[in-house]
1. Report the normalised scattering of segment 52-128 as log10 I(q)/I(0) at q = 0.11, 0.13, 0.18 Å⁻¹, calculated by the Debye formula with identical scatterers on the alpha carbons.
2. Evaluate 2.2 N^0.38 Å with N set to the residue count of the chain, then give the Cα radius of gyration divided by it.
3. Run the paramagnetic zone check for Arg124: 7 angstrom along Cα to Cβ, then residues of segment 241-276 with backbone nitrogen under 11 Å.
4. Need the full-extension length gain, Ala28 to Asp101, defined as separation in residues times 0.36 nm minus the C-alpha distance. One decimal, nm.
5. Tell me, what is the FRET efficiency for Val144 and Gln83 to the nearest 0.05, using R0 = 35 angstrom and their Cβ-Cβ distance as r?
6. Taking Cα pairs under 8 Å and at least six residues apart, what relative contact order does segment 52-128 come out at, in percent?
Amino acid sequence: MYRGLTLIPPGTRIPFMAPRRIFFAISAFLVLASIALFAVKGLNYGIDFKGGIMMEVKLPKAADLADLRGKLGGLGLGEVELQEFGAPNDVLIRVPRQDGDEKAQQAAVDKVKGALGTGIEYRRTEVVGPKVSSELFIEGLLAVAAAIVAILAYVWFRFEWQFGVAAIAALTHDVLTTVGMFSLLQLEFNLSTVAAALTIAGYSINDTVVVFDRVRENLRKYKTMPLLELFDLSINETLSRTILTSGTTLLALVILYFLGGPVIRDFSFAMIWGIGIGTYSSICVATPMLIYMSLPRREWKDKEAVAAEAP
């Protein structure tokens with residue numbers, strides 16, 4: 001009889017609960033380090049969140065960034081940032097927002113074009129004002145917060161409040177460590193990163209709910225089994241599915257990271273980190289937390305059985 005692909009042999013009993021205090025210590029370190037990095041180094045906000053002018057240009061030959069910095073640095077536009085963007089002759093130019101209205105921003109764009117000279121292909125020019133960037137930042141935070149609240153409500157309704165608290169703790173752990181990684185590496189934090197954070201939240205909670213569903217099923221099936229043993233059993237029973245789902249998703253993201261180009265590289269990196277840390281938190285953070293949540297095992301009676309007993 002065909003049973004599908006199974007990476008983890010049936011009967012595997014990896015003791016995930018035994019080193020739970022080590023897992024908690026690692027997670028606490030990661031979260032505290034992420035908060036400290038954010039407080040000290042902050043984030044490398046993209047133009048979406050801090051405003052300014054961004055120009056993507058293609059030069060006739062390989063870019064000499066030192067020469068370009070010399071040309072653009074003397075224009076009086078503030079600290080101009082230059083970055084190779086894919087091919088050696090593709091350059092991303094970031095100019096701080098200028099004092100004044102849209103005419104002042106256009107004048108800055110014209111100055112840059114004049115300094116670069118002829119033979120330049122201007123692929124993209126974006127101007128984001130301070131009001132728009134502030135609104136985008138606030139709306140990005142609200143989107144992440146709303147997603148977390150909605151997930152809490154869903155898990156609470158789907159299971160019990162204990163599962164909801166554990167799931168949100170793991171989810172907050174995933175988002176904070178992702179922010180910490182961006183702060184550590186000073187990768188650009190923009191709207192794409194917020195989209196990645198929301199995607200990570202959805203992926204992480206999906207993985208957590210799969211494990212929680214097996215925990216609930218086993219709570220009904222093994223009413224006298226010790227909780228530590230029952231949680232280990234539940235994780236091991238879903239481990240093959242977890243590895244297959246995470247592995248295939250990571251495979252696609254790694255390909256995007258290396259072959260997708262600079263436009264989606266930071267997004268792909270955020271997703272790779274998020275899926276890795278999300279899988280870890282589902283197994284090593286969310287489920288072990290249930291040990292300390294005083295699950296009311298006597299109440300875990302199958303709803304179908306209760307309906308069948310009703311007159």
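Computed from the coordinates by the stated procedures, all read-outs in this text should not be read as laboratory data. Because the structure is a prediction, the values reported are computed rather than measured. Reconstructed Cβ throughout: ideal geometry from the backbone, glycine too, with neighbour counts over all protein chains shown.
1. -0.24, -0.34, -0.65
2. Relative to the 2.2 N^0.38 Å estimate, the chain comes out at 1.28.
3. Flagged as within label range: 262-265.
4. So the chain would gain 21.7 nm between Ala28 and Asp101.
5. The computed FRET efficiency comes out at 0.85.
6. Values: 123 pairs, mean separation 37.2, N = 77.
It comes to 48 percent, rounded to a whole number.
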